[in-house]
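Please read the structure below before turning to the comments.
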Amino acid sequence: MTIQQQNTEFGTQYGGRQHFLDWLRILAFAYLVLFHTGMMFVEWPFHIESGHNSEFVKAFMMLTTTWRLDLLFLVSGVAISFMMTKMTIGAFLKQRMVKLFIPLFFACAVIIAPQPYFEAVQKGIIEPGFWQFWTTQYFTGIWWEGMLSPVPTYNHMWYVAYLFVYTILLVPLFAFINSENGISKLASLEKWLIKGARVLWAPFVLYLAVFFYTGHNDITHAIWDDWFGHFVYAYILILGVIFVRMPKVWQAFEDARYKSLALALASYGVIMIRYNWNTPLDVIDWDLLEMIMKWSWVATLIGFARHYLNFKNDFLGYANGIVYPFFILHQTVIIIIGYYIIDWGMNGIFEFIAIAIGTFVLSIALIELVIKRSNILRVLFGLKTIKRERVSFKQARSS
């Protein structure tokens, strides 16, 4: 059977591309701009501080901080599941090396460097002068007191680093899922999972198993010391992979969307009450509440997206094409723009808006005017190269 025949069969068997998942992916990455901009306006540690401390921004970020990354790994698992039907294991690993490792290495060496630079300048650790910093200090492995991390570092690209590692380690599982035995077992699991509200509580039971097994529940984003994070993110990635092979699960999420929304709002309400006041609710474990909120919001977003966003248009196609380089650029752009804007002395609301809008505009401009115009940059930012037809001198003169 050819690859095209396999793709056609896969699309027919599993309901084809689920456009609502594309929308979730785009919205999740776009929200990172708001979230990382918001980090400058709360007292939580970040590379640049605005001097403002907004309780409203903090409350909104507390709503999303527990589940936004799980959503990204879920849709990444979906993408992996589709890719595994288009290529051999060897071709898949080669594609992951080009798509993930090369941009990760380049970003750590070049794109991320301005982040610790502006952090160190704002904190008075070094004198201004990026070239001097990059050529003599960035690659030394130093960790200055007061800095969030040593240099060089991967900062927001930790997501790509984790995804690359999971991709390599989980190849045997991916191969099993594509086997006849794997397909049969997933079909049986699908029949069981779509009954009642099992699609809500069954995955959460495994979340709880991870929660209690690890013994501690801090996510560090340090790839060598983040066992709880690895359990959680690898688990949600696997869910994305297998849910693609169980298309009726998406309908089950849609049918249960109001139940999951009620649980999501209730868990968020309890967290906010605990955070702001001393009440009898303090006996409820904070980390357990976050786990409940984590899964209930993921389930809610899947359900409502399936109901309202299961369509495609030109914007979705365009956004899908630039979302990866946009992610690579966004935090560095936020920090550069933020460093200069916070010195303008504007109202905090206007500063937030200016930084967020400026990040979207500048990032997209860099993608369209610089990155897309060079095949070398396309590779470094995870885009496909384009073939340019060679035109002979005679053809050029006649055109």
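The values are calculated or read from the model by the stated rules, or taken from the named source; none is laboratory data. Not measured: the values here are computed from a predicted model. Positions of Cβ are backbone-derived with ideal geometry, glycine not excepted, and every protein chain shown enters the neighbour counts.
Hey, any hits in the stretch 78-88 for a residue that's in contact with a helix residue (DSSP H, G or I) (Cβ under 9 Å, 6 or more places away or on another chain), closer than 22 Å to Asn155 by Cβ and touching a residue at least 60 places away in the same chain (Cβ under 8 Å)?
no
Which members of the stretch 49-58 meet the condition of being surrounded by fewer than 21 Cβ atoms within 10 Å (Cβ to Cβ) and either of a type in the set (A, V, I, L, M) or without any contact (Cβ under 8 Å) to a residue 12 or more places away in the chain (or both)?
Glu55, Phe56, listed by residue number.
To keep it simple, each residue is scored yes or no on (1) among the basic types (Lys, Arg); (2) closer than 21 Å to Thr64 by Cβ; (3) at pLDDT 95 or above.
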{"site": "Ile242", "(1), (2), (3)": "no, no, yes"}
{"site": "Asp255", "(1), (2), (3)": "no, no, yes"}
{"site": "Leu263", "(1), (2), (3)": "no, yes, yes"}
{"site": "Tyr275", "(1), (2), (3)": "no, yes, no"}
{"site": "Asp282", "(1), (2), (3)": "no, no, no"}
{"site": "Ile292", "(1), (2), (3)": "no, yes, no"}
{"site": "Leu301", "(1), (2), (3)": "no, yes, yes"}
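Cβ-Cβ under 6 Å, sequence separation 6+ or interchain: first residue in the stretch 95-116 and within 26 Å of Phe82 (Cβ to Cβ), partner of a type in the set (Ser, Thr, Tyr) and in a helix (DSSP H, G or I). Which pairs?
These pairs meet every condition: Arg96/Thr167.
Of all residues in the stretch 224-257, how many are without any contact (Cβ under 8 Å) to a residue 12 or more places away in the chain and either among the aromatic types (Phe, Trp, Tyr) or within 26 Å of Leu309 (Cβ to Cβ) (or both)?
Result for the stretch 224-257: 1.
Filter the helices (runs of 4 or more DSSP H) completely within the stretch 43-113 down to those with at least 2 residues that are closer than 16 Å to Leu170 by Cβ and in contact with a Leu (Cβ under 9 Å, 6 or more places away or on another chain).
Ranges flagged: 68-83.
Return yes or no: is Met40 at pLDDT below 95 and in contact with a helix residue (DSSP H, G or I) (Cβ under 8 Å, 6 or more places away or on another chain)?
Taking the combined requirement at face value, the residue does not satisfy it.
Quick one: count up the residues across the stretch 282-299 that are crowded, with 18+ Cβ neighbours inside 10 Å and part of a loop (DSSP other than H, G, I, E, B).
Number of matching residues: 0.
Please give the number of the condition Gly321 fails out of (1) over 22 Å from Val121 (Cα atoms); (2) of a type in the set (Gly, Ala, Ser); (3) at pLDDT below 95.
Only one criterion in (1) over 22 Å from Val121 (Cα atoms); (2) of a type in the set (Gly, Ala, Ser); (3) at pLDDT below 95 is unmet by Gly321, namely (3).
For residues that are β-branched (Val, Ile, Thr) and more than 30 Å from the chain's Cα centre (by Cα), scanning just the stretch 117-134, find the one that is surrounded by the fewest Cβ atoms within 10 Å (Cβ to Cβ).
Selected residue: Ile125.
Of everything in the stretch 260-278, what is buried (at least 17 other Cβ atoms within 10 Å of the Cβ) and touching a residue at least 40 places away in the same chain (Cβ under 8 Å)? Give them in sequence order.
Ser260, Leu261, Leu263, Tyr268, Ile271
Go through the stretch 300-314 and give me each residue that's in a helix (DSSP H, G or I) and closer than 16 Å to Arg17 by Cβ.
Those that are in a helix (DSSP H, G or I) and closer than 16 Å to Arg17 by Cβ: Ile302, Ala305, Arg306, Asp314.
In a helix (DSSP H, G or I), hydrophobic (A, V, I, L, M, F, W, C), surrounded by fewer than 17 Cβ atoms within 10 Å (Cβ to Cβ) and more than 26 Å from the chain's Cα centre (by Cα), is that true of Leu189?
For Leu189, the condition - in a helix (DSSP H, G or I), hydrophobic (A, V, I, L, M, F, W, C), surrounded by fewer than 17 Cβ atoms within 10 Å (Cβ to Cβ) and more than 26 Å from the chain's Cα centre (by Cα) - is met.
Results for (1) assigned to a helix (DSSP H, G or I); (2) in contact with a helix residue (DSSP H, G or I) (Cβ under 9 Å, 6 or more places away or on another chain); (3) basic (Lys, Arg); (4) modelled with pLDDT of 95 or more, shown as yes or no for each residue.
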{"site": "Thr135", "(1), (2), (3), (4)": "yes, no, no, yes"}
{"site": "Pro152", "(1), (2), (3), (4)": "no, yes, no, yes"}
{"site": "Met157", "(1), (2), (3), (4)": "yes, yes, no, yes"}
{"site": "Val160", "(1), (2), (3), (4)": "yes, yes, no, yes"}
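Go through Tyr162, Tyr166 for me and flag whichever is within 23 Å of Val333 (Cα to Cα) and surrounded by 15 or more Cβ atoms within 10 Å (Cβ to Cβ).
Among Tyr162, Tyr166, only Tyr162 is within 23 Å of Val333 (Cα to Cα) and surrounded by 15 or more Cβ atoms within 10 Å (Cβ to Cβ).
Can you go through Ile337, Ile302 and tell me which one is farther than 18 Å from Phe41 by Cβ, buried (at least 19 other Cβ atoms within 10 Å of the Cβ) and either touching a strand residue (DSSP E or B) at 6+ places or on another chain (Cβ under 6 Å) or not charged (D, E, K, R) (or both)?
Only one candidate qualifies: Ile302.
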